[in-house]
Amino acid sequence: MPATPTRPLPPQLLAAVRKHWGFTTLRPLQEQAIRASLAGRDSLVVMPTGGGKSLCFQAPAVIRDGLTVVVSPLIALMKDQVDGLTRIGVPAVRLDSTLTANERITTADRIRRGSVRLVFTSPERLVNTDVYQLLRDAGAHTVAVDEAHCVSHWGHDFRPEYRQLARLREFFPKASVHGYTATATERVRQDIAQQLGLNSPDILVGNFDRPNLTYRVLPRLDLLPQVRKVIDRHPGDAGIVYCLRRKDVDEMTLALTTAGYRAVPYHAGMTPEARRITQESFAAEEADVVVATVAFGMGIDRSNVRYVIHAAMPKTIEHYQQETGRGGRDGLPAECVMLYSGADFLTLKAIIEKSAEEAQAPPEFTAASVKHLDEMARYCRGAACRHKALVQYFGQGYDNENCGACDLCLGDTQEVPDAITVAQKILSCIARVKESFGIAHVIDVLRGGKTESIRSRGHDKLTTYGLLKDTPKADLRDWIYQLIGQDVLVQAGDEYPLLKLNAGSWAVMRGTQTVRLIQLARSEKRSKTTASAAQPIAMPAGSDPELFELLRQLRRREASSAGVKPELVFSDNVLAEMARGRPTTVDALRRVSGVGDYRLQSFGQAFLDAIAFHCRRTGLSTDVPAPRTFNGPSAKPASSAAPSAKKSLAFKLFRGGASVAAVVKQTELTPSTINEYLAEFVMAEKPASIFGWVPEDVCERVAAAADIHGTARLKPVFLELNEEVSYDHIRVVFAFMATQG
Ligand code: ADP
Ligand code: ZN
């Protein structure tokens, strides 16, 4: 915890952030992290992906003399950051193994002359060469270790070369050391602090919820059509499909490309060259979908990933959080769909056991992995809000009643009514077939199948024959796995696993133990409820989708002629805001958050021209002011997420009945903005009642006062009610009254 009292940030810092990055505000945790850095206090900053970690070490570096050394695990990642910084006028270089001898000399020279502020390098280079002397002599005052969890065995991405960073202190005795990571578990945190030798560090931990992600777990019924369905909801957008095995990746890529999608594969079995091509074509927006194993991760620098599909359950919740976290890093909505089958647990368990055997891993290791699997499977079968489950797993609280952004809160899933009776039917059928058959046969018996195998064994004479004949096979299969997951049924044997009963099974059959079964909705059946998440991008109200698409194409062209990634031109947020405000002057464009002086100079005119051309052609109005907020222009949202994204999130939450306080918490917007959204929501969606937000008696008082004074102005009603009812409440009641007649 920060012990020192907080001083305001130096004005030149905010000026630099505005000039180079074009951001008008810092996020609260960024502010604290920057404060620690400027004060030379060691720190460990834990922020979920998309939280804005890089600014925490980049911005302070810019306003100080001397050097900030950034340790980064991947060359691709370093190159991206250096390119990006150079683009916005920040002098940064990298020292890595890909530089030619000549480049190395000029780079070292620039460092010596004091003309760079950030040097990116790899742990091995820093520790095993004399690079550190160069950096130390050039006045390195700060060492920032990016992806710091790589130092920990307990993390999901341990890198042995990170262990050597324990020597940093020895190399840079005068510098402050800072770790940045998205991995949150307590154990990893402690390990990082210890390994990096941090000196009573400020430990800054962000909120782990990602409200802009919608999580869904669907039963895997027919993989390819299900995957295509998600992709089709996001035409032209970026997405990732995670598969379990390399072979699955190859098959899925082939199936998708054959069907006309711009999909590329990524897995550890590919040559480095082939992997590089995949990464580059994805970054350059030449490919839309990367089909990958977990190997694809940290190298992705595309913040506008709009969907993440898991073709099967991942191994741990940490993996799941990381992988889904690659969606929506720009703060705009993204959809995470996991296609889950109860069989995934067994497949993964077999994989874990096999590799443990090959590696002769100690039994505790296997046990720990299976425990992680179990937690993951429990999440999939879980009946609690997904956002809540994830946040709680990482040790944080979540007191939102309805997140409005997961299958459970959106009402996609249902409990099977009378689950106990259904379970008893299934279990007694297994008893009747003497625990000697596998899932397929048991399902056939329960559904009254007419197979030879049933007839020849006389299983059509059993009392349980046809007991669940109207239940679809897929549901039965899923329920059986749910029973296994609740330990009231066992699947035993390797090659032909049989269903066996245990003590729990008998307890259920006797009625002394209960179970619950979840009916996972077929996405097809419920397309209505999921439609809200299905829009490609939630654009700001009033933004023109056609213009957005045009700007996106322009961005691609500009990027390719400037030889940079589209992302470095302008982010999706910026394009969406351009498509809304349709600025026609340099000044108006500069005011868009995320533009900044440098990008404005390089690309501004081309975009202004495109906007003007489009508006002339279609007759759209230009220079549309931002929607009014009640507390004036200074009340800008604290983050970069386009107001639209937050607004649609707020609407979604209101739809689920969330309170104003809950929505404030989720969106990190001010109460007055949220109240304004609530009024808009009431106008737009005409809910049947507003008593959840404004108590009934207050509504009546406001309505009575409005009878006297009308609804044209708020103030007379406010005064009539002796200033006892807030303007926010009055506004919401007025909105409601307007919908009533
Ligand atoms: P992380 O490394 O934590 O995943 P990034 O540094 O990539 O996050 O930042 C995530 C996104 O947030 C980027 O699109 C970045 O431009 C944006 N961002 C970061 N800080 C701010 C800020 N203060 N205001 C607006 N947008 C920001
Ligand atoms: Zn939820």
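For Asp344, indicate whether it is within 16 Å of ligand 1 (Cβ to nearest atom) and modelled with pLDDT under 90. No, not satisfied.
Within the range 116-127, the residues that satisfy the criterion of being modelled with pLDDT of 95 or more and not in a loop (DSSP other than H, G, I, E, B) are Leu118, Val119, Phe120, Thr121.
Checking Val663, Val732, Val702 one by one, the residue that is in contact with a Leu (Cβ under 9 Å, 6 or more places away or on another chain) and under 30 Å from Phe570 (Cα atoms) is Val663 and no other. Entry remark, the range 71-95: residues being modelled with pLDDT under 90, open to solvent by less than 40 Å² (accessible area, probe 1.4 Å) and more than 23 Å from Tyr598 (Cβ to Cβ) number 1 in total. Taking each residue of the range 391-407 that is touching a residue at least 40 places away in the same chain (Cβ under 8 Å) and looking for partners that are of a type in the set (Asp, Glu) and within 12 Å of ligand 2 (Cβ to nearest atom) with beta-carbon atoms closer than 9 Å, six or more apart or interchain, yields Val391/Asp209; Gln396/Asp209; Tyr398/Asp209; Asn400/Asp209; Cys403/Asp209; Cys406/Asp412. State which residue is modelled with the highest pLDDT when the search covers only the range 1-23 and only residues that are exposed (fewer than 10 other Cβ atoms within 10 Å of the Cβ) and out of contact with any Lys or Arg (no Cβ under 8 Å at 6 or more places or on another chain). Result: Pro11. Whenever a residue of the range 336-361 is over 22 Å from Leu476 (Cβ atoms), its partners that are surrounded by 22 or more Cβ atoms within 10 Å (Cβ to Cβ) and among the polar types (S, T, N, Q), lying with C-beta atoms within less than 6 angstrom and at least six residues away or across chains, give the pairs Cys336/Thr324.
If you check His267, His234, which single one turns out to be in contact with a Ser or Thr (Cβ under 6 Å, 6 or more places away or on another chain) and open to solvent by less than 30 Å² (accessible area, probe 1.4 Å)? Please lay out each step first, then the result.
Working: His234 fails: in contact with a Ser or Thr (Cβ under 6 Å, 6 or more places away or on another chain).
Exactly one residue qualifies, and that residue is His267.
Results for (1) of a type in the set (D, E, K, R); (2) out of contact with any helix residue (DSSP H, G or I) (no Cβ under 6 Å at 6 or more places or on another chain); (3) without any contact (Cβ under 8 Å) to a residue 60 or more places away in the chain; (4) not in a helix (DSSP H, G or I), shown as yes or no for each residue.
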{"position": "Pro173", "(1), (2), (3), (4)": "no, yes, yes, yes"}
{"position": "Tyr180", "(1), (2), (3), (4)": "no, no, no, yes"}
{"position": "Arg187", "(1), (2), (3), (4)": "yes, yes, yes, no"}
{"position": "Ile203", "(1), (2), (3), (4)": "no, yes, no, yes"}
{"position": "Pro211", "(1), (2), (3), (4)": "no, no, no, yes"}
{"position": "Arg216", "(1), (2), (3), (4)": "yes, yes, no, yes"}
{"position": "Ile231", "(1), (2), (3), (4)": "no, yes, no, no"}
{"position": "Ile240", "(1), (2), (3), (4)": "no, yes, no, yes"}
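Within the range 49-76, no residue that is among the acidic types (Asp, Glu) sits with its Cβ atom under 8 Å from a residue that is within 13 Å of ligand 1 (Cβ to nearest atom) and modelled with pLDDT of 95 or more at 6+ positions apart or across chains.
Please determine, by comparing only the residues of the range 137-167 that are of a type in the set (A, V, I, L, M, F, W, C) and touching a residue at least 60 places away in the same chain (Cβ under 8 Å), which one is farthest from Ile317 (Cα to Cα). The extreme case among them is Ala138.
The values are calculated or read from the model by the stated rules, or taken from the named source; none is laboratory data. All values derive from a computational prediction rather than experimental measurement. Here Cβ is always computed from backbone atoms with ideal geometry, including for glycine, and neighbour counts include all displayed protein chains. Side chains are part of the model used for accessible areas, which takes the heavy atoms of the whole protein and leaves out ligands, DNA and RNA. Shrake-Rupley method; radii C 1.70, N 1.55, O 1.52, S 1.80 Å.
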